[in-house]
Amino acid sequence: MSYSDINTATIPIKSSVDVIIARRKAMNMAAEMGFPKPEATKIAVVVSELTRNIVIYTDGGSVVLTAYGGSNKQFEIVARDNGPGIKDVDRILSGGYSTSKGLGKGVSGSKNIMDIFEIHSIIGKGTTIKTSKKMR
Amino acid sequence: METTAVQKLENLLLVSVPQDMTDEDVILLRRQVLQKIRQHGSRWVLLDFALVDICDSFFGRFIYSMAEMVKLMGAKVIISGLQDAVVETLIDLGLTLPHIPAVLDLDDALALARSTDATSFGAMASIRENVVWDTPEAKLLANRSEV
């Protein structure tokens with residue numbers, strides 16, 4: 001894969017306006033690399049869910065969006081924050097968890113939409129969610 | 001957003017939901033709708049999503065809570081204009097909107113509100129020919145006409 005096949009954007013997440021900027025950027029990048037509209041929409045919604053969690057539960061963070069071209073096209077989202085961390089990752093992933101405004105559903109739903117979904121969380125340090133979706 | 005998103009049409013409130021709303025905008029819009037129901041004595045709130053191309057779980061809950069609040073004020077919500085990609089995404093996310101009638105476009109939304117109004121006022125004969133969709137109201141009308 002050559003360098004020119006990779007398109008990446010880093011967006012700081014602090015307020016709900018950043019959520020809109022990030023998901024709109026994701027929608028455009030995914031559509032540009034050839035994802036059909038429903039798939040680009042799903043990617044944008046996952047970005048919306050993950051970045052909103054950063055706004056609601058933490059003091060801020062960032063999201064890195066990467067479009068991988070070449071023969072194995074895929075879209076990767078890495079959402080990072082320095083928030084309180086997630087106590088029960090398994091419960092969040094199963095959707096039976098909602099600590100503030102019913103967002104457990106957003107994470108479990110996002111996992112259903114994406115192909116790979118990994119949560120790395122350390123209590124008191126922060127959370128990183130790395131997820132990707134392949135183009136079929 | 002502001003007031004242009006919510007317009008009064010007889011006993012209806014027509015809400016053209018804007019494309020990119022922050023969470024704060026969403027809550028403001030909901031308050032605005034509740035105020036307008038009070039102000040105009042509206043019976044129906046038509047939430048038109050024709051402009052919306054990204055609808056996440058927060059938004060889904062907003063629709064649901066708006067419908068519940070509107071109900072407590074004696075009015076009803078109808079959803080119209082959900083785009084194909086939005087519908088696919090909502091279901092894949094695991095979000096459904098039970099008990100909220102959804103129709104294809106504003107024409108159907110208006111027709112549904114009108115027919116339900118007519119049914120509740122007992123003026124069934126005048127709308128019988130115009131009922132073309134498959135709703136409990138329509139079935140009720142059809143059954144009654146056979147008696």
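Descriptive notes on the structure:
- Looking only at the range B:69-95, and only at residues there that are free of Cβ contacts under 8 Å to residues at least 12 places away in the same chain and away from chain A (no Cβ under 14 Å), the one that is nearest to the chain's Cα centre (by Cα): B:71
- Scanning the range B:2-33 for residues that are assigned to a loop (DSSP other than H, G, I, E, B) and surrounded by fewer than 16 Cβ atoms within 10 Å (Cβ to Cβ) yields B:2, B:10, B:11, B:18, B:19.
- Test: residue in the range B:97-108 that is within 14 Å of another protein chain (Cβ to nearest Cβ) and of a type outside the set (Val, Ile, Thr): yes
- Strands (runs of 3 or more DSSP E) completely within the range A:41-136 that count 2 or more residues being hydroxyl-bearing (Ser, Thr, Tyr), surrounded by 14 or more Cβ atoms within 10 Å (Cβ to Cβ) and in contact (Cβ under 8 Å) with a residue 24 or more places away in the chain: A:61-68, A:126-134
- Meets criteria (within 20 Å of residue A:107 (Cα to Cα) and in contact with a strand residue (DSSP E or B) (Cβ under 8 Å, 6 or more places away or on another chain)) for residue A:45: no
- Filtered by the rule that a residue be assigned to a loop (DSSP other than H, G, I, E, B) and farther than 19 Å from residue A:36 by Cβ, the range B:57-91 gives B:73, B:74, B:75, B:81.
- Out of B:63, B:54, B:79, B:100, sole residue that is modelled with pLDDT under 90 and not polar (S, T, N, Q): B:63
- Condition check for residue A:75: among the aromatic types (Phe, Trp, Tyr) and more than 14 Å from chain B (Cβ to nearest Cβ): yes
- Where residue B:36 falls short, out of the listed (1) buried (at least 21 other Cβ atoms within 10 Å of the Cβ); (2) more than 10 Å from chain A (Cβ to nearest Cβ): (1)
The values are calculated or read from the model by the stated rules, or taken from the named source; none is laboratory data. Since we're looking at a predicted model, the values are computed, not measured. Note that each Cβ is placed from the backbone with ideal geometry, even for glycine, and that neighbours are counted across all protein chains shown.
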